[in-house]
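In what follows, a structure is listed as C-alpha cells, so that the remarks can point back to it.
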Amino acid sequence: MSLAHFSAGRRAALRAAAAPAALAIAFAVPATHARAEEPASSPIVIEGDQALPGPLERMTPADTNGPAPRDAGEFLSRLEGVTSGRLGGHGNEISMRGLTQDNIAVISDGAYVFGGCPNRMDPPSSLSALLPDDVVTVARGYQSVTDGPPAPGGTVTIDRADPYDIADGLSGGIEGGIESNGETRYVSAQARAGLGGAYVRGFANAKKAENYEDGDGRKVRSAFKQYGGGLEAGWRYGNHSVLSLSSDVDIVEDALFAGAGMDSPWTAARTVKASLDHNFDEGSLVTTLEVSAYGSFVEHLMDNYSLRTPGMMRMRTDANSDTYGGRLAAGLDVMGGVLTLGVDHRTNNRNAESRSNMMGGAPVTITNYTWPDMFIRDTGLFGEYEAPVDAGTSLKLGLRADFVSVEAKRADWLPGGMGAITARQLYATYYGVTDTDREETNVSALARVTHDFNDSISGWIGAARAVRTADATERGIVRNGGANSWVGNPGIKPEKHYQIDTGLSAGNGPWGVTGGIWYDRVDDFISRDTARGQAGILMSNGASIYRNVDAELAGVDLSGSYRFSENWKTNATASYTYGANLTDSRPLYQIAPLSGSLEVVYEQPVWQAGTRLRWAANQTRADTNPLTGSGLDAQETPGHVVLDLFASWKPVTGLELKGGVSNLLDQTYASYLSRSNGFDPAVVQVNEPGRSFYIQAALTF
C-alpha cells in the first residue's frame, strides 16, 4: 500500500481524535518553577533579577514577555545564543553555536520527535506544544552523555511540570490571545487532578494565523492552523517516585511557506510514552532508577497545487518519520558523588514518496522514493560521574559509546517516469557508492569543572568529543532531476567535534554579568554542497550533494543585568559566532551574525512595563555562490534594530493580562538564517513580521 493511501485514512482518524481535545474546556494551575535544582555542573541558575544565561538556561514560557510564539522554535530564538531561520510562519529552524538540524537534540517530555518533511517544513521544535508551566532547558554545546545520541550544537528539553505539584482535587487554568499582524488567535487550556498518589492531567490547544505583512506592507505566505491535545496519568509513591503513561497529538493544517516551492496541507505528530522514575531511600548504593519507552509518529504531506496556483507540473510528496526509543539508567552513590550508568536506544525510520504530473491532473506516478525507507538504529552505553572536589569545586566526567546501524530498504525500488533509476544507481552515479548498509561505533566523552572563587564569582571550563552520525537526508535522500538533483551520500563519515568552553559569572547585589567563550574543531563536518567534481564527487552538474570537510567554529556569549532602583532593572545579551570551512577555505554557511538584546523594565507589585531592543549586525561572511560554494546563504544580510514594548498586569489573584507591540517602528528585515523567498521575486529572503499589536490573558484557579 502506498504512503498516500495509507496516510489518507489516518488523517481522518487523527483529525477526529484531536479536534475535540483542542476545543475542550480544561483548566490547570501553572507552576512557575523548574522540576529540579540546577545540576552541580551548571555555571548559572536562572533566579530573580540575575537571569544570566551561561551554557545552560532553564525557564518556563510563562516567565517571558512578548507575543505568543508561532511554535517552540520561535520561542527558543528569543533566548541568548539561540537564533532561528524562517521558511514561513510555522516551522522555525533553530541554530546554536553555528550548528542546526540534527546537530541539535530536541527532547519533548523524554521523547525524540523527528520531522516528516525532507525540506524541513516541520523541524522537531515545531512539533511540540508549549504549555505555560513547561520547563524548557537549553544546554548549549555538548554537556552530558546521558541525553541520547550526541548533539554537538546543544540539547533542548521540554518537560511537563513536576507531578508532585498537582494537589488533591481539581485545579485549572486557561489562556488565550490575539495578535494584529497575521490575525493570529490562540487558546490553550489544561486540567489537573490528584487523589492521593494518583494524578491525571490533560491539555488542549488551538492556534490559527493568516499571512502576516513585513515592514513594507508586503504579504508573506505564512498562514497555518494548528491544534492538538494530550493526556497523562500516573502514580506518585515513595521518595518522590513517579510511574506515568502519556499520549499527545499535534496537527498542523494548511501551512503556507514563502521559502519553499510547496505548501503543506497536513502534518500530524503523535507521541506515546511510559516512564518510571524511582528514587531509593537515603543510604542506598543505588539512588535512582529511570526506565522509559516512547514512540513518535509523524505524517507529512506537501504539494504545489492545493494551496497555491500550480505551474505546468503538479508535484506532491507523502512522507512519514517514525521514531522508537527507550532508556534504562541507574544512579549510584560512589565516593561522595553520583555515577549514572545506563543504556538507551533510538530507531528512526523515514519514508517518502514524491509524485508528479505534467498533464495538469493529480500527481499519480511515483518519480522518486525521496527517503527510500531509511532505518537508522542507535544503541548507546553511557556513564557519567558528578562529584564535588572540594567546598567550591565540582567535577563531571562522561563517556559514551554509540553503536549505529543503517539500511535503506527501498534502495532498489524503481520509480516511474522517463529516465527513472533506483536510489542505489543514483548513489553510484554521484559517489561511486552502492552499499547502503552501514555500521559505526562512535565514542564520545566530556569533562567539566565548575568552581566558586568566592560568594560573587564562579566559573566553568569544559572539554568534549562528540560524534554525530549522519541523518536520513544526509545519507540517503533521493531526488533525480539533473542539475536539480538532491542526493544523499551513503558513504558519508560521522562528524567528530572537539569542543572546549570556559567562562565566568559574577554577581553582587543589584548587578550580575556572565561571559563565556567556546571553540569547536570539527573533523569530517557533513557539508551540503553543489556537485563540481570535488574529491569523492563524480558529477559536475551543480546538483545538491553531501561531502565531508574539516571545519572550525568559535564564539562568545555575554549577558548582564542591573537593578538600578527598587523598581527599575535592565538586562542585556550579545552573542557572536565564527565559522569556517577549512577544507575549501571559505566561510561556513548558515552562521548567524553578531546579535543581542537590551531590555529595560519598570516593575510594581502587580504590574510591569518595559521596552526591548533586538539587534543584529550585518553578516558579510556568507556562502552565497553555488558555482564556488554551497549557495545555502540567501544573501549578505544588512544589520537591523527592532524595538518592542510590553506590559503585564495582575488585577486579581489568578488573572494576568499581557500586551504590547512588537517591531514598533515597522522595520523590514530578515534573519540571516531564513530561506530565500521563492514566492515574491521582489524580496530576497522570507522577511520577519512588521509592526504587530498583541494582547493575552491567563486565568488560573
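Within this structure, ASP277 fails the test of being touching a residue at least 40 places away in the same chain (Cβ under 8 Å) and on the phi < 0 side of the Ramachandran plot.
Quick grid of which residues meet (1) without any contact (Cβ under 8 Å) to a residue 60 or more places away in the chain; (2) surrounded by fewer than 15 Cβ atoms within 10 Å (Cβ to Cβ):
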position	(1), (2)
ARG400	no, no
PHE403	yes, yes
ALA408	no, no
LEU414	yes, yes
LEU426	no, no
TYR430	no, no
VAL433	yes, no
ASN442	no, no
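Scanning region 568-603 for residues being in a loop (DSSP other than H, G, I, E, B), aliphatic (A, V, I, L, M) and under 21 Å from GLN635 (Cβ atoms) gives a total of 4. Screening THR502 on (1) more than 19 Å from THR100 (Cβ to Cβ); (2) modelled with pLDDT of 95 or more; (3) outside any strand (DSSP E or B) shows it passes everything except condition (3).
Of everything in region 655-667, what is part of a loop (DSSP other than H, G, I, E, B) and either acidic (Asp, Glu) or open to solvent by less than 20 Å² (accessible area, probe 1.4 Å) (or both)? Give them in sequence order.
The initial filter retains those residues of region 655-667 that are part of a loop (DSSP other than H, G, I, E, B), namely 663-667.
If the condition is that a residue be part of a loop (DSSP other than H, G, I, E, B) and either acidic (Asp, Glu) or open to solvent by less than 20 Å² (accessible area, probe 1.4 Å) (or both), then ASN663, ASP666 are the ones that fit.
Step by step: first the residues of region 57-83, then only those that are open to solvent by 20 Å² or more (accessible area, probe 1.4 Å) and part of a strand (DSSP E or B), then the one that is farthest from THR611 (Cα to Cα). Which residue is that? Per the stated criteria, the residue is ARG58.
Among the residues making up region 214-228, those that are under 25 Å from the mean Cα position of the chain (by Cα), in a strand (DSSP E or B) and of a type outside the set (A, V, I, L, M) are PHE224, LYS225, GLN226, TYR227, GLY228. Filter region 621-652 down to the residues that are more than 19 Å from ARG691 (Cβ to Cβ) and not in a loop (DSSP other than H, G, I, E, B), then identify the one that is least open to solvent (accessible area, probe 1.4 Å). Filtering first and then ranking leaves SER648.
In this structure, does PHE382 turn out to be open to solvent by 20 Å² or more (accessible area, probe 1.4 Å), within 25 Å of the chain's Cα centre (by Cα) and of a type in the set (Phe, Trp, Tyr)? Before you say what the answer is, go through the steps one by one.
Values: open to solvent by 20 Å² or more (accessible area, probe 1.4 Å): no; within 25 Å of the chain's Cα centre (by Cα): yes; of a type in the set (Phe, Trp, Tyr): yes.
In short, no.
Scanning region 604-616 for residues that are in a strand (DSSP E or B), open to solvent by 40 Å² or more (accessible area, probe 1.4 Å) and within 22 Å of VAL652 (Cβ to Cβ) returns a single hit, TRP607.
The residues in region 237-264 that are small (Gly, Ala, Ser), under 22 Å from the mean Cα position of the chain (by Cα) and in a loop (DSSP other than H, G, I, E, B) can be counted, and the count is 3. Pairing residues of region 199-218 that are over 22 Å from SER128 (Cα atoms) with residues that are at pLDDT 95 or above and among the aromatic types (Phe, Trp, Tyr), at Cβ distances under 9 Å and at least 6 apart in sequence or on separate chains, gives TYR199/TRP235; ASP214/TYR669; GLY215/TYR669.
What about LEU381, is it more than 30 Å from ILE461 (Cβ to Cβ) and aliphatic (A, V, I, L, M)?
Numbers: more than 30 Å from ILE461 (Cβ to Cβ): no; aliphatic (A, V, I, L, M): yes.
No; evaluated as a whole, the condition is false for this residue.
Exactly one condition in (1) assigned to a strand (DSSP E or B); (2) farther than 21 Å from ASN489 by Cβ is not met by MET418; state its number. Looking at each condition in turn, MET418 falls short on (1). The set of residues in region 151-163 being open to solvent by 10 Å² or more (accessible area, probe 1.4 Å) and either part of a strand (DSSP E or B) or within 29 Å of GLY555 (Cα to Cα) (or both) consists of THR155, THR157, ASP159. When region 515-539 is filtered for residues that are among the charged types (D, E, K, R) and crowded, with 22+ Cβ neighbours inside 10 Å, the ones remaining, listed by number, are ASP520, ASP529. Within region 272-313, the only residue that satisfies the criterion of being of a type in the set (D, E, K, R), buried (at least 20 other Cβ atoms within 10 Å of the Cβ) and over 22 Å from the mean Cα position of the chain (by Cα) is ASP303.
May I ask you to say which residue of THR502, THR530 is under 25 Å from PRO372 (Cβ atoms) and hydroxyl-bearing (Ser, Thr, Tyr)?
Values: THR502 fails: under 25 Å from PRO372 (Cβ atoms).
So the residue among THR502, THR530 that is under 25 Å from PRO372 (Cβ atoms) and hydroxyl-bearing (Ser, Thr, Tyr) is THR530.
Suppose we keep only residues that are touching a Leu at 6+ places or on another chain (Cβ under 8 Å) and within 17 Å of VAL220 (Cβ to Cβ) within region 668-701. Which one would you say is surrounded by the most Cβ atoms within 10 Å (Cβ to Cβ)? Restricting to residues being touching a Leu at 6+ places or on another chain (Cβ under 8 Å) and within 17 Å of VAL220 (Cβ to Cβ), the top hit is VAL686. The requirement of being within 30 Å of TYR369 (Cα to Cα), part of a strand (DSSP E or B) and open to solvent by 10 Å² or more (accessible area, probe 1.4 Å) is fulfilled nowhere in region 445-467; no residue meets it.
Taking ASP168, is it under 15 Å from the mean Cα position of the chain (by Cα) and open to solvent by 20 Å² or more (accessible area, probe 1.4 Å)? Working first, answer last.
On the way: under 15 Å from the mean Cα position of the chain (by Cα): no; open to solvent by 20 Å² or more (accessible area, probe 1.4 Å): yes.
No; evaluated as a whole, the condition is false for this residue.
From the list ARG201, ARG192, ARG185, the lone residue that is of a type in the set (Lys, Arg) and either open to solvent by 40 Å² or more (accessible area, probe 1.4 Å) or not in a strand (DSSP E or B) (or both) is ARG185.
Candidates in region 314-342 are the residues that are assigned to a strand (DSSP E or B) and open to solvent by 50 Å² or more (accessible area, probe 1.4 Å); of these, the one that is nearest to THR267 (Cα to Cα) is MET315.
The values are calculated or read from the model by the stated rules, or taken from the named source; none is laboratory data. Values in this document were obtained by computation on a predicted structure and should not be read as measured data. Cβ sites come from the backbone with ideal geometry, for glycine too, and all protein chains shown count toward neighbours. Side chains are part of the model used for accessible areas, which takes the heavy atoms of the whole protein and leaves out ligands, DNA and RNA. Shrake-Rupley method; radii C 1.70, N 1.55, O 1.52, S 1.80 Å.
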